[in-house]
Each structure stands twice: as structure tokens, then as C-alpha cells.
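The values are calculated or read from the model by the stated rules, or taken from the named source; none is laboratory data. Note that the structure is predicted; figures quoted are calculated from it, not measured. Counting neighbours? That spans all protein chains shown, and the Cβs are built from the backbone with ideal geometry, glycine included.
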Amino acid sequence: MTERKVKTIAFANNKGGSGKTTTCANVGYSLALLGRRVLLIDGDMQLNLTLSFFPEDTVLDYACGEKNLYTAMKKEEDLQDYVIHTPYENLDLIPSSTLMSGIEYDLFAKWQRELILSRSLKRLKETGGYDYILIDAPPTLGGWVMNILCASDYVILPVEASPWGLFGVANMFEFLDSVKKLVPELNLLGVVITKMDARKSYGRQTLEALQEFREVNVFHTIIRVDSEIEWAQDHSRPVMAYKKSARSAGEYMELAKEVESHVRGSR
């Protein structure tokens, strides 16, 4: 049997409210539906990626216990021992902890601290058990996000279609350039426009601004505003698992297919 070559994708944006976690969760679930083995890593102290698949009491048990990303990073342990199964086929998760708020302090004095996550993922990647590892990064720029990017092959940048959606994107691009000095193989897979309201012109303006900003791939699939996303989140489920007929469910599936196409094209 041929060993799988896992591809690691970070979902990052230094601006909150961009739809980053929602995109990570639903693209991951859609890839799993397509038969891909997917591992999700919740890298944010807000726990929202973990909450996308488990109810709050279960999430708090993980966050307050030992089986979470914070514990693994602080102890510099192999992440293979921190994987939990979600209720969905082909989809696993490493949960976060509220203690992730102090992760940069904990890693500060460690050797090659920007590569700790990469080292912890090494054996897990070598097993070939997954096709994709998707990492939800916190909405900041700093040492921990650099850790996430250094452990990744690709970055997807969700940008909200709003007057303030592009705020800080220039800083994000500059940060990516600085990380690429450490890991030249890191690639920006593309920008995905989220929360697009067809009644407003912000979507077109956001698209035009991104095209003028620099040459960057903007995914054809646009995620529009859909109340079903919030209802799905309230039930701790991906939107397609909550309501398969939801408009956003189809959009996330199309985005997942587009992501796969770009990954194959970049090899």
C-alpha cells in the first residue's frame, strides 16, 4: 500500500470575525465526506473549532484536562497521542484549551521555539494516516501563529466581505513573507471570501481590492451569509451535518473540491 502524503493547511487571518474557524471546520468535514482522512487541530484558545463538533460540556472536559494541544506543546510531546475521534467518519481532532492564551510565554525559552509544532507533528505525518491536516490559527500575529505556519504546507486566508474585512490583510501578507524565510516551501493556497451578502456591493469591492493588492489566488467559491451556519454552530455540528440542503453546505463542498484541485495543481 502506498504511503499517504499528508498535506497540512493553516487557516489564518489576524482579523477576528473573518469566518476562519467556520471555514476550517466545514472544509474539513466536506473533505471527510469526499473520503479523505482529515485531522483538525484547534490552535485557538477560544475553542470554537472544537465546539464545532462537540457540545460545550465535552469541550470543557478536554480543555481542562490533559488531552489537548496546550499540554502537548508545553511538554513538546508527540501529537499522535492527543488525537480524539469526532462523531463523523474520516474526521479526527486535536482539541484546544483556554490555556493557549499563554502559549507564547511557555514556548519563549524553548529551543527553536518556532518549530515546536512541526516537530510534534512529525511522527503523525510519517504514519501516513491522514490526507489532510487542517489547523485553525488564532486571529493574531506572533510566535504561536508562526509555529502553525512553519508546520504547514499551505495557508488559506478567509476574508470577510465587509468594509473592514480587508483591514490588516497587508500585515498578514508581510507576516507570511517573513515566515517564508524560515520555510520557503510554505505557499498561500488562496483567499476565500466569506460572509458575502448579495444585497450589498461589499463582495465585489473586496474581490476587486484583493486583485489590485497583489497577484494572489482568490477562490472562485464564495461563502455567502446563511443563518443555517449559526444554527449548525448552536448544535455543535458542521452545516452539512445539520442541514444538507443549506446553501452554505453546498458552497463549502465546492470550496473543498476547489482546495483539493489547487493542492493537486501545486504538487
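Assorted remarks:
- When residues in region 32-77 are screened for being among the polar types (S, T, N, Q) and closer than 26 Å to G128 by Cα, 4 of them pass.
- Among the residues making up region 183-193, those that are closer than 25 Å to C150 by Cβ and either over 17 Å from the mean Cα position of the chain (by Cα) or in a strand (DSSP E or B) (or both) are V183, P184, E185, N187, L188, L189, G190, V191, V192.
- The condition (being among the aliphatic types (A, V, I, L, M) and either touching a residue at least 40 places away in the same chain (Cβ under 8 Å) or on the phi > 0 side of the Ramachandran plot (or both)) is satisfied by just one residue among L166, L188: L166.
- Pick from region 56-102, criterion of a type in the set (K, R) and assigned to a helix (DSSP H, G or I), ranking: farthest from the chain's Cα centre (by Cα): K75
Okay, residues lined up against (1) free of Cβ contacts under 8 Å to residues at least 12 places away in the same chain; (2) β-branched (V, I, T); (3) surrounded by fewer than 20 Cβ atoms within 10 Å (Cβ to Cβ); (4) part of a loop (DSSP other than H, G, I, E, B):
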site: V216; (1), (2), (3), (4): no, yes, yes, yes
site: H220; (1), (2), (3), (4): no, no, yes, yes
site: E228; (1), (2), (3), (4): no, no, yes, no
site: W231; (1), (2), (3), (4): no, no, yes, no
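Every residue, every condition in (1) surrounded by fewer than 23 Cβ atoms within 10 Å (Cβ to Cβ); (2) at pLDDT 95 or above; (3) in contact with a Cys (Cβ under 6 Å, 6 or more places away or on another chain); (4) farther than 22 Å from L107 by Cβ, yes or no:
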| position | (1), (2), (3), (4) |
| --- | --- |
| M146 | yes, no, no, no |
| S152 | no, yes, no, no |
| V155 | no, yes, no, no |
| A161 | no, no, no, yes |
| F167 | yes, no, no, yes |
| S178 | yes, no, no, no |
| L186 | yes, yes, no, no |
| T194 | no, no, no, yes |
| R199 | yes, no, no, yes |
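- All conditions in (1) surrounded by fewer than 22 Cβ atoms within 10 Å (Cβ to Cβ); (2) within 14 Å of I156 (Cβ to Cβ) hold for N26, with the sole exception of (1).
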